[in-house]
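Written out below as structure tokens is the structure these notes cover.
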Amino acid sequence: MTFLSTTPPPRPQDAKRDDRSAVLRAMRLDGPDPNLDEFARRLAREAGTPYAMVNIFGSGEQQFLGLCTPDEHSTFPSVGRSMSLDHGFCPEVVERRNALVLPDVFASPRFASNAVVDLINIRTYAGAPLIHHTGVVLGTVCFVGPQAQPTSTGQASLVLIKQQRDEVMNYLYRRTGNQMPQ
């Protein structure tokens with residue numbers, strides 16, 4: 001006798017989420033990390049922006065385990081440690097598995113209408129995916145700023161964000177007692 005399951009097969013997105021959750025647990029990526037905060041501060045300084053994040057995609061939200069945000073005395077709004085999965089540009093980076101550089105967010109209508117543009121006045125963005133050696137995308141490293149940059153800065157921003165991605169992944173592997181696969 002054959003029984004048919006009434007449970008639908010998992011959707012590819014569910015499998016990705018489950019794989020990501022397992023890797024995040026194995027790497028002990030479950031909350032803010034002072035070393036990642038310091039990393040974000042250095043990245044913001046190098047990029048010349050008030051914001052930088054090491055962003056992990058958890059269940060239902062983006063979590064900033066590393067965060068550089070302006071303090072309460074700044075003219076720029078501060079951001080918290082989490083954001084909806086449908087806000088910002090990092091979800092696009094995770095989905096496409098490639099870096100994304102937007103020197104002027106308004107130059108791209110697809111990105112200009114994102115909710116985060118108005119929430120914290122974002123005009124420039126650069127982000128790169130954090131990809132585990134198993135192929136699972138954990139999240140992103142990114143920087144954002146309130147002033148559009150000339151298109152000519154795009155290549156330098158791409159080089160910077162990829163270097164920073166590699167540094168973050170090296171750190172994440174080291175903190176779990178592993179070396180980053182070559």
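Quick notes on this one:
- Condition check for Gly139: among the small types (Gly, Ala, Ser), touching a Pro at 6+ places or on another chain (Cβ under 9 Å) and over 16 Å from Val54 (Cα atoms): no
- Scanning the range 88-113 for residues that are among the acidic types (Asp, Glu) and assigned to a helix (DSSP H, G or I) yields Glu92, Glu95.
- Count - residues of the range 23-59 that are open to solvent by less than 60 Å² (accessible area, probe 1.4 Å) and part of a loop (DSSP other than H, G, I, E, B): 7
- Within the range 89-109, the set of residues being touching a helix residue (DSSP H, G or I) at 6+ places or on another chain (Cβ under 9 Å) and without any contact (Cβ under 8 Å) to a residue 40 or more places away in the chain comprises Glu92, Leu100, Leu102.
The values are calculated or read from the model by the stated rules, or taken from the named source; none is laboratory data. Please read all numbers here as calculations on a predicted model, not as lab measurements. Cβ atoms come from the backbone with ideal geometry, glycine included; neighbour counts cover every protein chain shown. To get the accessible areas, we keep the full protein, side chains included, count just its heavy atoms, and leave off ligands, DNA and RNA. Shrake-Rupley method; radii C 1.70, N 1.55, O 1.52, S 1.80 Å.
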